Amino acid sequence: MSKKAVRTDGAPAPAGAYSQGIVAGGFLFTAGFGPQDPETGEVAPTVGEQTRQVLANVSAVLAEHGLTLDDVVKATVHLENLKSDFPEYNAVYEQHFTAPYPVRTTVGSDLADILVEIDVVAKLRD
């Protein structure tokens, strides 16, 4: 199986030994993105604002390969405060995805000074 890295300036640069995205096996897999603005590095204070930025970061990687959030088939979401932040995060998430919604796993995680991180798997277009 071959794989191809996807890279864009529209999302934060990797902070370690990983790619922003990888195309392989008919899918594009993204890294887990946090809410850092790719131009300024700033992080908004609320989970809703952070979720918007995370989805903008993910969307930038998808767009680099001609895809959108409509092509996403799987999302994995990490929330720092799962119980208290889920409603606000979910309201923003629902504004960015349409039915049929991707399958999704949402878990509570220790996220080191951010409130949300999301990675996705998108099906490549024929």
Quiz item: Among G108, V6, V23, whose Cα lies farthest out toward the positive end of the dipole of the chain, if unit charges sit on the beta carbon of Lys, Arg (+1) and Asp, Glu (-1)?
Solution: V23
Exercise. Could you state the angle between the C-alpha long axis of helix 82-96 and the longest principal axis of the C-alpha atoms of the chain, as a value from 0 to 90 degrees rounded to the nearest 10?
Key: 50
Quiz item: Under 20 Å from the 7 Å Cα→Cβ point of D126, by amide nitrogen: which residues of the range 7-35?
Solution: 24-28
Practice problem: Report the calculated FRET efficiency for K3 and S84 (r = Cβ-Cβ distance, R0 = 30 Å), to the nearest 0.05. | Solution: 0.20
Exercise. With +1 on each Lys and Arg Cβ and -1 on each Asp and Glu Cβ, and nothing else charged, work out how big the dipole of the chain is about its Cα centre, in Debye to the nearest 20.
Key: 620
Quiz item: Amide H to amide H, which residues 5 or more places from V73 or on other chains are under 5 Å from it, using H placed in the peptide plane?
Solution: V121, A122, K123
Quiz item: Any idea of E94's accessible area? Nearest 10 Å², probe 1.4 Å.
Solution: 100
Practice problem: Using amide H atoms built 1.01 Å from N in the peptide plane, name the residues 5+ places from T106, or on other chains, whose amide H lies under 5 Å from its own. | Solution: V77
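Heavy-atom accessible area per residue, the chain, 1.4 Å probe: how many Å²?
Solvent-accessible surface per residue comes out at 54 Å².
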Quiz item: Build a GNM of the chain with springs between Cα atoms under 10 Å: which of L67, L79, L111 gets the top mean-square fluctuation?
Solution: L111
Quiz item: Ranked from the most accessible area to the least, with a 1.4 Å probe and all protein chains present, what is the order of Y18, Y101, Y89?
Solution: Y101, Y18, Y89
Exercise. Rounded to whole Hz and in sequence order, give me ³J(HN,Hα) for the range 46-56 from the Karplus expression 6.51 cos²θ - 1.76 cosθ + 1.60, θ = phi - 60°, writing x for Gly and Pro.
Key: 9, 5, x, 5, 5, 4, 4, 5, 4, 5, 5
Quiz item: Roughly to the nearest percent, how much of the accessible area of the range 4-123 is carbon and sulfur, given a 1.4 Å probe?
Solution: 53
Exercise. Specify the inter-centroid distance of the range 27-71 and the range 96-121, based on alpha-carbon positions, in whole Å.
Key: 11
Quiz item: For the modelled label position 7 Å from the Cα of A15 along Cα-to-Cβ, which residues of the range 96-120 have backbone nitrogen atoms closer than 16 Å?
Solution: 109-119
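The values are calculated or read from the model by the stated rules, or taken from the named source; none is laboratory data. These numbers were taken from a predicted model, which means no experiment stands behind them. Virtual Cβ from ideal backbone geometry, glycine too; neighbours counted across all protein chains shown. The protein model used for the area step is the full one, side chains on, heavy atoms only, and it has no ligands, DNA or RNA in it. Shrake-Rupley method; radii C 1.70, N 1.55, O 1.52, S 1.80 Å.
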